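A quick write-up on the structure given underneath.
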Amino acid sequence: MDDKKYWIGFNLIKGIGAVRMQGLLAHFGELASAWNADASELVESGLGAKLAEKVVGARKDIDLDQAWAKIEAQGIKILTWMDDEYPARLKEIDQPPPVLFIRGEYLMDDLFAVAIVGTRKVTPYGRQVTEEIASYLAANGITVISGLARGVDAIAHQAALKAGGRTMAVLGSGVDKIYPPEHRGLAEQMMARGAIVSDYAVGTPPDASNFPPRNRIISGLSLAVVVVEAAETSGALITAEFAAEQGREIFAVPGSIFAPQSKGTNRLIQKGAQSLLTPADLMQALDLTRMGEHKSARKVLPSDETEALVLNTLGSEPMHVDEIRNQANLPIEKISAALAMMELKGMVRQVGGMNYVAVREEQSNYNL
């Protein structure tokens with residue numbers, strides 16, 4: 001057991017989120033010291049007096065060794081901000097969750113993911129569209145992400161699995177509390193070819209208030225969000241709002257102006273979301289039409305000037321993404337996108353804390 005038990009401990013205390021966790025790390029350097037600090041030291045780190053007392057009181061009731069043993073016994077993986085495996089795309093959003101609980105496996109290939117969300121009261125039209133989109137994406141190497149809910153979510157997961165692809169679900173409960181219960185079998189299949197993810201502590205039951213916040217993780221893990229069918233008050237529209245805030249692409253499937261399930265999607269299109277007519281349009285818009293080539297290419301030359309510039313900037317010593325941006329003199333979005341693709345190709349490697357090194361085999365400077 002390492003210092004992850006302290007991340008788990010603070011995750012169990014209501015009121016300690018991303019901002020306060022960052023403050024604790026900045027003040028104490030690591031969470032073990034923060035966990036053992038007295039109330040006055042916690043106040044110095046930026047916690048209010050009431051929350052500091054709450055932490056001191058809560059840790060008397062939390063057995064960290066027992067909590068860790070329970071997680072280990074269930075084969076649950078913990079990822080924190082400090083882990084290289086923490087999803088790079090999720091780390092880009094404002095206030096990413098400090099702790100992720102995962103059953104299954106998050107892979108590098110899952111950087112290329114699209115979320116499919118929609119109503120629980122799906123129509124035959126919505127079912128057909130969802131199956132077609134999810135199957136197409138999965139068959140082309142794109143991970144399908146959704147929320148394991150009834151309706152569009154479950155159909156998207158099932159279609160991705162049937163197509164032989166990967167799929168992930170983000171829960172509004174602990175990863176040991178599958179909801180709805182009739183989807184436990186589906187969840188088991190997903191753990192074998194994807195993952196079940198949550199930022200809620202193990203043992204957290206599903207609650208209505210948990211689901212809107214988890215939607216920001218669905219969009220945060222994804223390149224784009226596709227809304228298939230959604231009423232005007234659908235939770236899927238919350239996911240679309242988070243996607244807009246995070247700078248993700250939003251696609252909506254148009255439907256009948258008379259159908260309640262299409263009022264939300266048609267409204268999204270009216271507000272500027274891209275109208276999705278075929279799955280191929282989605283791949284084209286996201287420049288993912290050559291995913292197979294990208295995933296099989298492990299020893300390749302840079303494919304454009306940006307990749308060449310990034311590779312020439314990097315060496316064997318770790319360099320932070322901000323320093324790469326400064327030396328390459330390119331926008332951070334362009335650098336981040338290039339690094340993600342280059343890591344997938346095996347050209348660079350992230351060594352922690354958004355630091356990268358080049359992976360070279362007797363390679364000198366590259367020019368296009």
- Task: If a/c stays under 1.5 just call it rounded; otherwise compare a/b with b/c (prolate if a/b is bigger, oblate if not). Do that for region 297-358, with a ≥ b ≥ c from the square roots of the Cα gyration tensor eigenvalues.
- Result: oblate
- Item | Alpha carbon convex hull of the chain, projected area averaged over orientations, nm² | 19.4 nm²
- Task: Between 43, 310, 348, find the one with the highest GNM mean-square fluctuation for the chain; connect C-alpha pairs within less than 10 Å.
- Result: 43
- Query: Check residue 348: other-chain or 5+ apart residues with amide H under 5 Å from its amide H, H built from backbone geometry?
  - Reply: 343, 359
- Note on the structure: Length gained, residue 270-residue 83, 0.36 nm per residue minus C-alpha separation, equals 63.3 nm
- By DSSP, what percent of the beta bridges with both residues in the chain are antiparallel, rounded to the nearest 5? 40 percent
- Task: Treat every Asp and Glu Cβ in the chain as -1 and every Lys and Arg Cβ as +1, leave all other atoms uncharged, and give the resulting dipole magnitude about the Cα centre to the nearest 20 debye.
- Result: 1100 debye
- Query: What ranking do 130, 204, 278 get, fewest neighbouring Cβ atoms within 10 angstrom at the top?
  - Reply: 278, 204, 130
- Nearest 20 debye, what's the magnitude of the dipole of region 104-285 about its Cα centre given +1 on Lys and Arg Cβ and -1 on Asp and Glu Cβ? 340 debye
- As a check on your grasp of the helix formula, calculate [θ] at 222 nm for the chain: sum -39500 (n - 2.57) over DSSP H runs of n ≥ 4, divide by the residue count, round to the nearest 500. -13000 deg cm²/dmol
- Compute the FRET efficiency between residue 304 and residue 30 as 1/(1 + (r/R0)^6), taking r as their Cβ-Cβ distance and R0 = 45 Å, and round to the nearest 0.05. 0.70
- Item | Length gained when the stretch residue 74-residue 14 is fully extended (0.36 nm per residue, less Cα-Cα span) | 19.2 nm
- Ascending count of other beta-carbon atoms within 10 Å, so fewest first, for 320, 27, 183: 320, 27, 183
- Task: State the extension gain, in nm to one decimal, for the chain segment bounded by residue 281 and residue 333, taking 0.36 nm per residue of separation less the distance between their alpha-carbons.
- Result: 16.4 nm
- Global form of region 15-63, assessed from the alpha-carbon gyration tensor, a/c cut-off 1.5: rounded
- Note on the structure: In terms of the alpha carbon gyration tensor, root eigenvalues a ≥ b ≥ c, rounded if a/c is under 1.5 and otherwise prolate when a/b exceeds b/c or oblate, region 72-185 is prolate
- To the nearest 20 debye, what is the magnitude of the charge dipole of region 167-264 about its Cα centre, counting +1 on the Cβ of each Lys and Arg and -1 on the Cβ of each Asp and Glu? 120 debye
- Could you grab the relative contact order for the chain? Cα pairs under 8 Å, six or more apart, rounded to a whole percent. 13 percent
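Read-outs: derived from the displayed coordinates by stated rules, not from any lab. Remember, predicted model here, so these are calculated numbers, not experimental data. Please note: Cβ atoms are built from the backbone with ideal geometry, for glycine as well, and neighbour counts cover all protein chains shown.
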